[in-house]
1. Within segment 9-90, which helices (runs of 4 or more DSSP H) (wholly inside it) include 3 or more residues that are more than 15 Å from the ligand (Cβ to nearest atom) and either over 21 Å from Phe245 (Cα atoms) or of a type in the set (Asp, Glu) (or both)?
2. Only one of Lys133, Lys119 is under 20 Å from the mean Cα position of the chain (by Cα), of a type outside the set (Gly, Ala, Ser) and surrounded by fewer than 21 Cβ atoms within 10 Å (Cβ to Cβ). Can you tell me which?
3. Provide a single number: the residues in segment 91-104 that are crowded, with 18+ Cβ neighbours inside 10 Å and either in a helix (DSSP H, G or I) or away from the ligand (no atom under 16 Å from the Cβ) (or both).
4. Please pick out the residue among Ile14, Ile51, Ile26 that is surrounded by fewer than 18 Cβ atoms within 10 Å (Cβ to Cβ) and either at pLDDT below 95 or touching a helix residue (DSSP H, G or I) at 6+ places or on another chain (Cβ under 6 Å) (or both).
Amino acid sequence: MNKNGKIGIFDSGIGGVTVLKEILKILPNENYIYFSDSKNNPYGDKTDEQINYLCEKIVKLFIKENCKAIVIACNTASAKSAKYLREKYLNMKFIAIEPAYKMVHDYSYDNPTLVMATKGTIQSEKFNLLYHKYDNHKTILLPCVGLADIIENGNKERIREYLINNLEQYKGKIKNVVLGCTHYPLIQDLIVEVLGDVKFFNGAPYLAKHLKEVLVENDLINESTSRGNIVFLDSSNDVQKQERFFNLIKT
Ligand code: DGL
């Protein structure tokens, strides 16, 4: 493991770009390799075993690519596989996203809260530990089955329709929204259209801070003074996805 190694980041698709963007704000000079597993998307409805298998394949690729740290930029993969990967790859630094529910506890405890995440995340043991530890007793857990998939495909009208069908009932009743899937920050404006003015909680800025701390503590910060590069890989070799990914980084 050395300072010049890359940072590997993965998600079931391009949603993890919302995490990479936060990381780039504070670690612009690192080199990144982003893996979008769109061939196997969505992860939200898969079993633990299936997700362990898929994540491990990506981790092996990152190790071959000389990665010094791996960011799990998918809440579902973090919830289901982070423990498995950490136990198996003891020499690798794993930094895993999780729904920012603790932030609700710390900054907006008294307010009614909606946690949006995949079914896999909401049913996971990891999320349930977090939820029961910080429960504000005014929280609705909403498994958004299929939403990450629709966002991945990028059809705005279908996303709008999904949100109207699933969120409109909470309009005026919710103050906090936890974006518990890395695809959801991409549709914040559409959520506001349906729910009105709400406070969003996104785990990505905290993950970025934590990643930097881990690199500093382990003397792994790249000392280059120029911007690093970003390599994008997609398991279905989708060229359009690559274009969308780099556009999203710019915006
Ligand atoms: N971005 C993933 C997450 O954070 C989406 C999971 C999926 O593919 O269902 O959970």
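1. Working: elements: 17-26, 48-64, 75-88.
Qualifying helices (runs of 4 or more DSSP H): 48-64, 75-88.
2. Going through Lys133, Lys119 in turn, just one is under 20 Å from the mean Cα position of the chain (by Cα), of a type outside the set (Gly, Ala, Ser) and surrounded by fewer than 21 Cβ atoms within 10 Å (Cβ to Cβ): Lys119.
3. Qualifying residue count for the region: 4.
4. Numbers: Ile14 fails: surrounded by fewer than 18 Cβ atoms within 10 Å (Cβ to Cβ); Ile51 fails: surrounded by fewer than 18 Cβ atoms within 10 Å (Cβ to Cβ).
That would be Ile26, the only listed residue that is surrounded by fewer than 18 Cβ atoms within 10 Å (Cβ to Cβ) and either at pLDDT below 95 or touching a helix residue (DSSP H, G or I) at 6+ places or on another chain (Cβ under 6 Å) (or both).
The values are calculated or read from the model by the stated rules, or taken from the named source; none is laboratory data. The model shown is predicted, which means the values in this text are computed figures rather than measured ones. Cβ: placed from backbone, ideal geometry, glycine included. Neighbour counts: every protein chain shown.
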